[in-house]
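To keep things clear, I will list the structure first and then write my remarks on it.
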Number of protein chains: 2
Amino acid sequence: MKKLDERRKKILKAIVQSYIDCNTPIGSVLLTKMYPIGLSSATIRNIMAKLEEAGYISQPHTSAGRVPTEKGYRFYVDNLLEEQSLTLSSDLSRELSNKLRSYEKNNNVLIDEAAKTLSSVSHYLAIATPPKVEDILLKRIKFIKYEKRQVLTILISDEGIVENKIIELDKIHSQAQLDEAAMYINSKFSGLSLKEARERISNQLIKEKTLYNRLTANLLYIFKNIIPQETGSQPLNGLSGTSYLTDFASMKQIKGILRAIEDKRFMLKLLQQISASKGTQVIVGMDQIIPAMSELSMVISTFSSKSLVSGAIGIIGPTRMNYMKMIPMVDHTAKALTKILSKF
Amino acid sequence: MKKLDERRKKILKAIVQSYIDCNTPIGSVLLTKMYPIGLSSATIRNIMAKLEEAGYISQPHTSAGRVPTEKGYRFYVDNLLEEQSLTLSSDLSRELSNKLRSYEKNNNVLIDEAAKTLSSVSHYLAIATPPKVEDILLKRIKFIKYEKRQVLTILISDEGIVENKIIELDKIHSQAQLDEAAMYINSKFSGLSLKEARERISNQLIKEKTLYNRLTANLLYIFKNIIPQETGSQPLNGLSGTSYLTDFASMKQIKGILRAIEDKRFMLKLLQQISASKGTQVIVGMDQIIPAMSELSMVISTFSSKSLVSGAIGIIGPTRMNYMKMIPMVDHTAKALTKILSKF
DNA sequence: TAATAGCACTCTCAATACCAGAGTGCTAAT
DNA sequence: ATTAGCACTCTGGTATTGAGAGTGCTATTA
């Protein structure tokens with residue numbers, strides 16, 4: 001799998017790069033002209049034949065040039081991109097960071113803006129998944145007497161207000177009573193993730209009905225129902241550059257992508273894929289995830305906030321995209337996001 | 001402009017409808033076969049020549065059939081669609097209403113869901129603009145002492161909580177002090193629209209600096225800044241069925257539409273267009289609004305909530321869509337939305 | 001006199017043929 | 001081991017052609 005001698009690597013790299021440049025199958029003659037390899041076209045042809053046999057490149061038809069296969073791209077990304085060349089121009093790097101810094105305040109807007117910036121510099125589709133709501137750590141809950149039997153309930157995490165709702169109790173209670181109940185609930189559940197909190201409440205409500213007074217039990221129940229669920233119906237948070245789709249995707253691919261975006265199950269699969277390992281990674285050929293999305297690739301990276309809740313941000317483009325530019329771009333953006341989120 | 005005799009109307013209607021059905025230019029012979037008009041193809045040809053001269057239909061090229069022009073569609077929609085035929089099957093009507101009723105709770109989700117339903121039954125792109133934030137009527141503002149100098153500020157309207165934020169004051173104040181300031185502010189501004197409120201505060205802060213004590217002035221200032229602005233950057237609220245685009249739009253059109261959606265200025269233009277008159281209306285040929293969107297039409301309707309704040313919901317499809325089905329669909333959905341929103 | 005049948009004409013679209021260009025694999029020579 | 005040379009193959013663009021569909025005009029009919 002990995003035993004390609006130096007000469008073959010060199011040729012493969014040249015093929016991939018010129019294919020990325022020209023978007024046209026690469027023939028042996030053309031290659032000798034573009035790259036100053038000290039070899040004749042005939043020799044290149046021999047090497048190409050070997051590379052094809054090994055599955056790294058293929059011919060669209062007899063007597064066309066060669067095109068990298070998925071395996072070819074994979075190898076290129078993994079072994080042929082040297083670290084040193086993966087740097088962002090300092091101009092671009094500054095531009096990315098600055099744009100983001102101006103949106104520090106609001107997390108959702110920040111993530112949206114990150115996707116927007118990424119798509120506008122890459123000219124590909126940018127997507128960002130917000131941090132999983134369920135993993136947010138609860139700081140405290142607050143009940144505020146509002147009007148008659150109505151109570152304003154607020155869920156607060158380190159990142160700010162998570163959820164708030166006006167709910168209606170069956171009886172009128174004083175603010176002091178509410179405070180007492182809140183204090184009790186906080187003592188038991190603050191510090192947990194929302195998911196854990198919900199689960200624990202469910203258990204306790206069943207087991208120890210008698211432990212709580214009526215009000216506390218009521219509020220606990222309400223608390224549980226207020227915790228936002230990962231419904232899968234909420235719209236995709238950061239999504240930008242859909243109009244670039246027409247530049248690099250076919251009708252079929254566009255349909256596939258748009259459907260995936262609306263569907264949201266796509267995002268879940270995606271998250272599974274990438275959450276396995278941290279850092280920036282490249283998915284070559286997305287037909288594994290969504291059929292009809294072959295020929296498309298993804299460069300994606302994870303970011304995280306102070307409380308270690310993490311999301312992902314990246315781009316979707318043609319498999320023949322310029323990885324040398326795109327990888328550092330995504331990487332930088334994700335790191336900038338992490339920096340800003342952690343500071344807050 | 002309107003003086004088409006009965007026979008010509010009949011022919012125009014037949015042309016438009018069969019073009020909608022077949023999506024192919026309609027010739028005189030074909031027409032006589034499909035519709036039992038008591039006329040021969042030669043006669044039809046004569047009439048067609050007149051209709052073409054008057055600008056209602058056109059030929060893609062000599063010796064192809066005729067295709068309706070925008071003017072032709074316009075006339076068809078305005079004069080040739082009889083009221084009686086514009087009814088929804090009761091099945092579909094029930095389906096639409098039921099689906100919506102299950103989302104009564106949350107306005108934004110409700111509107112999203114309405115768009116989703118609309119796109120899934122029409123197979124076209126559905127869009128919905130949420131009510132203008134600026135027109136929401138302010139019910140009251142509330143300041144809640146939170147922690148040390150921090151204060152939780154909540155904006156409430158008839159529809160529920162509009163905005164909330166934790167802000168930081170320069171000094172510590174008691175809840176009583178905060179309540180007093182809130183009471184004062186409420187007495188002055190509750191009942192106004194958010195827009196009006198903001199404007200008035202600006203004026204008063206300039207003119208009557210001396211009238212308020214330090215805290216009230218501070219809170220007024222904060223209040224003003226918290227009022228959500230129509231920034232144009234917030235993502236489009238209800239948008240569904242983008243993947244259907246590939247079924248009826250060309251690459252160019254898709255690009256145009258996607259760009260418009262991301263841009264949001266599109267929505268403003270749109271709202272201007274339709275807010276002029278209430279009810280369901282048809283925009284034939286959207287190149288007026290967005291160039292590159294010719295051949296596309298829109299069926300859109302307004303809806304409103306209790307406090308008369310109104311939004312719009314509709315579909316975008318090919319100009320040759322089936323208006324007889326689409327108009328009642330959109331109409332019904334908008335009415336159902338209004339019903340649900342008013343009840344709440 | 002309005003409607004119609006017939007006919008010559010026009011234009012598109014699909015199929016076919018053809019050719020230049022680019023690329024390959026193989027063989028023989030260096 | 002590398003290379004030059006050559007015969008062969010395949011695509012993509014450009015003509016060419018013929019069938020099909022539709023029109024406008026004219027002569028005919030009721």
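The values are calculated or read from the model by the stated rules, or taken from the named source; none is laboratory data. Note that the structure is predicted; figures quoted are calculated from it, not measured. Cβ atoms come from the backbone with ideal geometry, glycine included; neighbour counts cover every protein chain shown.
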Does the range B:128-147 include one or more residues that are within 14 Å of another protein chain (Cβ to nearest Cβ), over 23 Å from A:T153 (Cβ atoms) and small (G, A, S)?
yes
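Just give me the residues in the range A:201-222 being at pLDDT 70 or above and either exposed (fewer than 15 other Cβ atoms within 10 Å of the Cβ) or under 30 Å from B:A114 (Cβ atoms) (or both), in sequence order.
Within the range A:201-222, A:S202, A:N203, A:I206, A:K207, A:N213, A:R214, A:Y221, A:I222 meet the criteria.
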Out of all the residues in the range A:90-111, is one or more more than 23 Å from the chain's Cα centre (by Cα) and surrounded by fewer than 16 Cβ atoms within 10 Å (Cβ to Cβ)?
yes
Which of the residues belonging to the range B:332-344 are touching a residue at least 60 places away in the same chain (Cβ under 8 Å), touching a strand residue (DSSP E or B) at 6+ places or on another chain (Cβ under 8 Å) and closer than 30 Å to B:K71 by Cβ?
B:T333
Among residues of the range A:10-32, those that are within 9 Å of DNA strand C (Cβ to nearest atom) and out of contact with any Cys (no Cβ under 9 Å at 6 or more places or on another chain), counted:
7
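Residue under question is A:E83, and the condition is that it be exposed (fewer than 13 other Cβ atoms within 10 Å of the Cβ), within 16 Å of DNA strand C (Cβ to nearest atom), among the charged types (D, E, K, R) and at pLDDT below 95; does it hold?
Taking the combined requirement at face value, the residue does not satisfy it.
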Checking the conditions here, which among B:N79, B:N23 is on the phi > 0 side of the Ramachandran plot, more than 14 Å from chain A (Cβ to nearest Cβ) and more than 11 Å from DNA strand D (Cβ to nearest atom)?
B:N23
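Based on this model, can you work out whether A:K132 counts as under 25 Å from the mean Cα position of the chain (by Cα), of a type in the set (K, R) and closer than 20 Å to A:K264 by Cβ?
yes
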Number of the exception - A:I44 against (1) crowded, with 18+ Cβ neighbours inside 10 Å; (2) among the β-branched types (V, I, T); (3) more than 10 Å from DNA strand C (Cβ to nearest atom):
(3)
The helices (runs of 4 or more DSSP H) lying entirely within the range A:248-344 that contain at least 2 residues which are closer than 25 Å to A:L138 by Cα are A:265-275, A:323-343
So A:A49 fits all but one of (1) out of contact with any helix residue (DSSP H, G or I) (no Cβ under 8 Å at 6 or more places or on another chain); (2) more than 10 Å from DNA strand C (Cβ to nearest atom); what number is the exception?
(2)
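For (1) within 14 Å of another protein chain (Cβ to nearest Cβ); (2) under 25 Å from B:Y244 (Cα atoms); (3) within 16 Å of DNA strand D (Cβ to nearest atom), each residue gets a yes or a no:
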{"site": "B:I15", "(1), (2), (3)": "no, no, yes"}
{"site": "B:K33", "(1), (2), (3)": "no, no, yes"}
{"site": "B:A42", "(1), (2), (3)": "no, no, yes"}
{"site": "B:Y56", "(1), (2), (3)": "no, no, yes"}
{"site": "B:R66", "(1), (2), (3)": "no, no, yes"}
{"site": "B:L88", "(1), (2), (3)": "no, yes, no"}
{"site": "B:L92", "(1), (2), (3)": "no, yes, no"}
{"site": "B:D112", "(1), (2), (3)": "yes, yes, no"}
{"site": "B:S122", "(1), (2), (3)": "no, yes, no"}
Conditions (1) buried (at least 17 other Cβ atoms within 10 Å of the Cβ); (2) in contact (Cβ under 8 Å) with a residue 60 or more places away in the chain; number of the one not met by A:I57:
(2)
What is the number of the single condition among (1) more than 13 Å from chain A (Cβ to nearest Cβ); (2) part of a loop (DSSP other than H, G, I, E, B) that B:L118 does not meet?
(2)
Selection count, the range B:52-63, where residues are more than 6 Å from DNA strand C (Cβ to nearest atom), within 21 Å of B:C22 (Cα to Cα) and not polar (S, T, N, Q):
4
Could you please let me know if A:Q175 is more than 16 Å from A:I222 (Cα to Cα) and outside the structural domain of A:Y323 (by TED's automatic domain parsing)?
yes
Does B:D170 fit the bill of being more than 14 Å from chain A (Cβ to nearest Cβ) and closer than 28 Å to B:S305 by Cβ?
no
Answer yes or no as to whether B:E6 is of a type outside the set (A, V, I, L, M), within 11 Å of DNA strand D (Cβ to nearest atom) and either in contact with a Gly (Cβ under 8 Å, 6 or more places away or on another chain) or within 21 Å of B:D78 (Cα to Cα) (or both).
no
Reported set for the range A:140-174 where residues are modelled with pLDDT of 85 or more and surrounded by fewer than 18 Cβ atoms within 10 Å (Cβ to Cβ) is A:I172, A:S174
Checked the range A:175-200 for anything surrounded by 19 or more Cβ atoms within 10 Å (Cβ to Cβ) and either within 14 Å of chain B (Cβ to nearest Cβ) or over 22 Å from A:S310 (Cβ atoms) (or both); matches are A:L178, A:A181, A:A182, A:I185, A:F189
Just one of the numbered conditions (1) surrounded by fewer than 12 Cβ atoms within 10 Å (Cβ to Cβ); (2) without any contact (Cβ under 8 Å) to a residue 24 or more places away in the chain is not true of A:Y35; which one?
(1)
